Each structure stands twice: as structure tokens, then as C-alpha cells.
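Structure record follows, encoded as C-alpha cells.
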Amino acid sequence: GKRYRFRLLNTAGLNCPITFSIDEHPFTVIATDGHPIAPVNASSLVISSGERWDIILWSNKTNGTYWMKFMGSVDCVKPSSHQFALLEYTDLQETEYHPDQDILAQMNMKPPYTNSIPPGVQINSLNIACFKDKICAADLRSLSPLTNDLTSEKADHTLYLAFQMTFISNKHHYSEKYYSITKMPKNQRIKSAQTNDLSLKLPVSPLLTSKHEMPHCNAESPPNASMCHEDHCECLHMYHLPIGATVDLIFIDEGKFNNENHIIHLHGYHFWVLEQYRPEVIDGASITRAKAMEMDQKGLIKRNLVNPVLKDSVTIPDGGYTIVRLKTINPG
């Protein structure tokens with residue numbers, strides 16, 4: 001048989017990771033987000049929103065037709081979102097494709113939707129602790145080593161960015177006069193997505209064309225009272241970083257364990273994924289920003305600096321964290 005290269009993209013909803021597999025056909029993952037990696041053989045691959053993965057498929061099985069399966073998860077579990085394609089090959093040397101009706105009639109029944117992890121090695125596994133057969137993106141290796149200016153154990157700047165989905169008095173969701181959060185039935189309340197307990201409020205004019213410094217806030221420079229309404233604060237959430245600096249971004253999921261994950265895409269940059277972590281024991285609590293900072297100060301958070309994988313989109317495991325490193329060489 002021949003070898004074929006596929007590029008797989010997830011253009012589905014924001015929180016609908018797709019598990020890809022092919023009946024009786026393992027494959028080799030060779031690249032992610034446009035960057036080559038040391039080849040890894042796998043039986044299934046999880047593709048989160050915006051990610052691109054390149055695989056090599058070897059058509060070395062018995063002539064026939066096989067199911068290519070795409071199973072949605074997280075927000076796509078309830079509607080059982082899934083799709084199939086057919087992989088078919090024969091020895092016939094035809095210039096045009098004509099489906100072999102006999103083969104189609106003899107092939108296995110179309111499998112039902114499932115959210116179960118397929119057997120064998122899985123790449124980019126969703127919301128589980130990484131180990132031998134469940135390989136996280138941070139376990140993959142680039143074909144090129146880090147340059148010397150990126151190999152320091154401690155970066156020039158480290159930002160701890162914690163993501164939450166919380167029930168707060170968000171004035172964009174509730175009206176204090178007509179339907180405050182306390183008056184809404186609990187099953188109809190809407191969660192607000194925040195980073196470091198802050199909501200982003202964009203300025204009235206573009207940042208790049210503004211001649212003046214705009215009021216902003218972050219965890220180290222908290223918002224003033226005018227930026228808050230009860231327990232909901234919003235501002236121009238921004239950090240200033242010098243050009244040419246090495247920066248570690250530690251993305252933390254503070255949510256309780258409910259199988260949701262966050263996909264991060266950084267516009268204008270690729271980054272090196274140094275670590276992904278999710279505890280094996282789930283006790284109903286999750287890591288917090290303060291806990292992650294404490295762990296890092298004690299040297300308990302590890303960073304792989306040996307050929308880390310280069311990506312532009314990566315997931316934060318539910319109740320865990322992901323560390324990426326970048327060089328500030330694209331001002332804006």
C-alpha cells in the first residue's frame with residue numbers, strides 16, 4: 001500500500017473537541033499547527049477548535065472500506081454530534097472513482113455515537129492526566145531545539161492567567177431592576193467567563209492608533225470602583241511587555257471538574273508548549289491562581305525545555321494548567 005498525508009482541522013464550535021480515528025488503521029502524527037514534530041504512532045487523535053494536525057496513513061490493510069470517525073465531545077455530547085467518512089482502497093487501477101457496491105454491502109455497520117476513548121494510543125487527550133497511552137500536546141517533541149535565549153529555566157516575565165466560569169452580577173446578563181441574578185431561578189442563571197476575575201471591556205478606539213495611554217487593569221493593578229458593579233469588574237485587561245523578552249504564560253483552569261476545557265489561540269504568535277498538568281485524583285476542587293503561583297515559587301511546576309512542541313493553539317485541561325513560552329518579537 002501507499003502512504004497518504006492528511007491535514008485535519010477542527011472548525012467546529014468553540015467547546016467541541018473532536019476525536020478522530022479510523023477502523024483498523026493506526027496512523028502517524030507528524031505535525032501540528034504547521035510545525036513538524038517527532039513522529040508518534042497513534043490510534044486516535046483529539047482535535048480542539050482551531051487546531052491543525054498532519055497525519056500519515058498507510059493503506060496496508062485488506063482491500064475494503066473502512067469507517068473514518070469524528071466524535072464530538074464536551075458541548076457536543078448532549079446532541080451526540082458526530083460524522084463519518086469512508087476510506088476505501090482496492091488494487092484496481094482506475095482513473096475515476098467508482099464505489100464498489102459489493103464492498104459497501106459487506107462492510108461493517110456504521111457505528112453509533114460514543115464519547116468513550118478508543119483503545120490504543122491517543123494524542124492530545126482531553127482532560128485526563130498524561131501517561132503512556134494518553135499523550136498530551138506537551139509530551140510531543142519538536143524537530144528543532146530551543147534557541148539559547150529561550151532555554152533559561154526562569155523566563156524574563158511570567159504571567160499567571162486563571163480562567164473561570166462563575167455566577168456573578170454581570171450587567172450584560174442581568175438587570176438590577178427587572179431580573180437580577182438573585183431573582184433568577186438557579187437553572188436559568190448564566191455564567192460569566194472571566195480571566196483573573198476580570199471581564200474585558202474594549203476601548204472606544206483601536207489601541208494601535210491611540211495617541212494616549214488608556215486606563216487598564218490586571219491582577220497586579222486591580223480595577224477601581226468605577227470599573228465594578230457589585231462582584232462584576234470589567235476593564236481594558238492588558239499587560240505591557242518589553243520587546244525581545246522571554247515570557248511564560250501559565251494558563252490555569254479554576255473551574256470545578258465538569259469536563260470543560262479552554263482552547264487558547266494567540267494571535268500573531270506561535271509558542272512553545274512546556275507543560276500540561278491535570279491531577280489524577282479528582283476531589284471536587286481544582287487548582288487556583290494563588291496555588292499555581294505558590295507551586296511555581298516552590299519549584300513544583302516543571303518546564304520541559306528539550307525540543308518542546310511549537311503551536312499556536314493549545315488546550316487548558318479542566319482543573320489543571322498549561323505553560324507556554326514565547327519571545328515578544330511581534331509588537332502590537
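The values are calculated or read from the model by the stated rules, or taken from the named source; none is laboratory data. Everything numeric in this text was worked out from a predicted model, so none of it was measured. So basically every Cβ, Gly included, is an ideal-geometry build from the backbone, and we count neighbours across all protein chains shown.
In the set SER169, SER175, which member is small (Gly, Ala, Ser), assigned by TED's automatic domain parsing to the domain that holds GLU234, surrounded by 13 or more Cβ atoms within 10 Å (Cβ to Cβ) and modelled with pLDDT under 95?
Numbers: SER175 fails: surrounded by 13 or more Cβ atoms within 10 Å (Cβ to Cβ).
Going through SER169, SER175 in turn, the sole match is SER169.
Mind checking which residues of the range 121-177 are in contact with a helix residue (DSSP H, G or I) (Cβ under 9 Å, 6 or more places away or on another chain) and either in a helix (DSSP H, G or I) or among the hydrophobic types (A, V, I, L, M, F, W, C) (or both)? Lay out the reasoning, then the answer.
Let us first name the residues in the range 121-177 that are in contact with a helix residue (DSSP H, G or I) (Cβ under 9 Å, 6 or more places away or on another chain), namely 123-124, 126-127, 130, 158, 160-162, 167-170, 173-174.
ILE123, LEU126, CYS130, LEU161, ALA162, PHE167, ILE168, listed by residue number.
Name every residue in the range 33-47 that is small (Gly, Ala, Ser) and either at pLDDT below 95 or more than 25 Å from VAL77 (Cβ to Cβ) (or both), in order of residue number. Walk me through how you get there before you give the answer.
Pass one, the range 33-47, residues small (Gly, Ala, Ser): 34, 38, 42-44.
Across the range 33-47, the qualifying residues are GLY34, ALA38.
Among (1) at pLDDT 90 or above; (2) farther than 18 Å from ILE250 by Cβ, where does LYS110 come up short?
Unmet for LYS110, out of (1) at pLDDT 90 or above; (2) farther than 18 Å from ILE250 by Cβ: (1).
Out of (1) at pLDDT 95 or above; (2) touching a Leu at 6+ places or on another chain (Cβ under 6 Å), what's the single condition that is false for TYR269?
All conditions pass for TYR269, except number (1).
Can you pull out every residue in the range 143-169 that is within 23 Å of HIS262 (Cβ to Cβ), out of contact with any Ser or Thr (no Cβ under 8 Å at 6 or more places or on another chain) and hydroxyl-bearing (Ser, Thr, Tyr)?
THR158, TYR160
Looking only at the range 299-330, which residues are more than 15 Å from PHE271 (Cα to Cα) and not aromatic (Phe, Trp, Tyr)?
Taking the range 299-330 and keeping what is more than 15 Å from PHE271 (Cα to Cα), we get 299-302, 317-321.
GLY299, LEU300, ILE301, LYS302, PRO317, ASP318, GLY319, GLY320 - these are the residues of the range 299-330 that are more than 15 Å from PHE271 (Cα to Cα) and not aromatic (Phe, Trp, Tyr).
Considering ILE18, ILE30, which residue is over 18 Å from the mean Cα position of the chain (by Cα) and at pLDDT 90 or above? I'd like the intermediate steps shown before the answer.
Working: ILE18 fails: over 18 Å from the mean Cα position of the chain (by Cα).
Result: ILE30 is the single residue among ILE18, ILE30 that is over 18 Å from the mean Cα position of the chain (by Cα) and at pLDDT 90 or above.
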